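A short reminder: the numbers here are calculations on the coordinates, not readings from a lab. Every value quoted in this text rests on a predicted model; they were computed, and no experiment measured them. Neighbour counts are summed over all protein chains in view; Cβ atoms, including those assigned to glycine, are modelled from backbone coordinates with ideal geometry.
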Amino acid sequence: MCSYYRTDVAYVLFNEKANCMKRITLLLSIVLVAGISFMSSCKKDRIKGCTDPDSINFDPAAEKDDGSCQFEGAVVFWYDEEASDGLLADGATALTFYLDGEIIGSSAASVYWESAPVCSQNGSITVDDDLGDEKIRTYILSVRDQTDFEYWNADVDIEANTCTQFRLLWSARKK
């Protein structure tokens with residue numbers, strides 16, 4: 001600590017007081033810098049991750065979205081007895097289902113549903129899709145018979161975290 005003693009030389013007294021003030025200023029500066037450093041180090045970092053509950057990698061602990069969310073969705077295609085009867089009357093016996101030009105399944109024209117099936121139900125034409133970072137993706141559906149005659153052509157949306165039940169409605173189509 002700073003101590004003052006009486007001396008006959010005023011110069012020594014002045015230098016002692018100046019040195020003491022420098023020490024106090026230095027000590028206060030150190031305390032201030034340490035306090036600021038301590039306070040800023042206590043600041044909690046926000047947990048980053050996927051904050052969208054519809055995603056497959058949702059992180060309930062995440063406080064800030066980091067753009068990593070990934071989505072999946074599904075669609076099941078179906079038609080009823082009226083459509084089946086129409087297909088059979090029109091000479092269709094087998095159907096092939098295409099999504100964006102790729103075969104996704106096939107079925108006999110005589111197979112129909114009384115009501116909408118759930119995705120992945122036994123015997124259904126279902127597509128499970130990895131949507132990546134998109135919440136919805138649109139595809140082109142084409143349903144063709146054994147002669148490659150196209151009975152249905154439609155846009156189909158597959159949405160994140162859902163099973164879309166896509167009904168194929170019958171309207172008479174003559175070959």
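Provide the FRET efficiency to the nearest 0.05 for the Lys48-Asp128 pair, computing r from the beta carbons and using R0 = 30 Å.
With R0 = 30 Å, the Cβ-Cβ based efficiency is 0.60.
Calculate, in nm to one decimal, what Glu82 and Leu27 gain on full extension: separation in residues at 0.36 nm each, minus their alpha carbon distance.
10.7 nm
With r defined as the distance between the Cβ atoms of Ala61 and Glu114 and R0 fixed at 45 Å, what FRET efficiency is calculated, to the nearest 0.05?
0.50
Step by step: find N for the range 71-167, compute 2.2 N^0.38 Å, then divide the Cα radius of gyration by it. What's the final number?
Computed over Cα atoms of the range 71-167, the ratio equals 1.07.
What full-extension length gain, to one decimal in nm, is calculated for Ala94 and Phe149 as 0.36 nm per residue of separation minus the Cα-Cα distance?
Extra length available between Ala94 and Phe149 comes to 18.7 nm.
Tally Lys and Arg at +1 and Asp and Glu at -1 over the other residues with C-beta under 12 Å from the C-beta of Cys163: what net charge comes out?
It works out to a net charge of -4.
For an R0 of 25 angstrom, estimate the FRET efficiency from the Cβ-Cβ distance between Ile104 and Ser68 and round to the nearest 0.05.
FRET efficiency, Ile104 to Ser68: 0.30.
Tally the DSSP beta bridges in the range 96-162 and give the antiparallel ones as a percent, rounded to 5.
Bridges in the range 96-162 are about 100 percent antiparallel.
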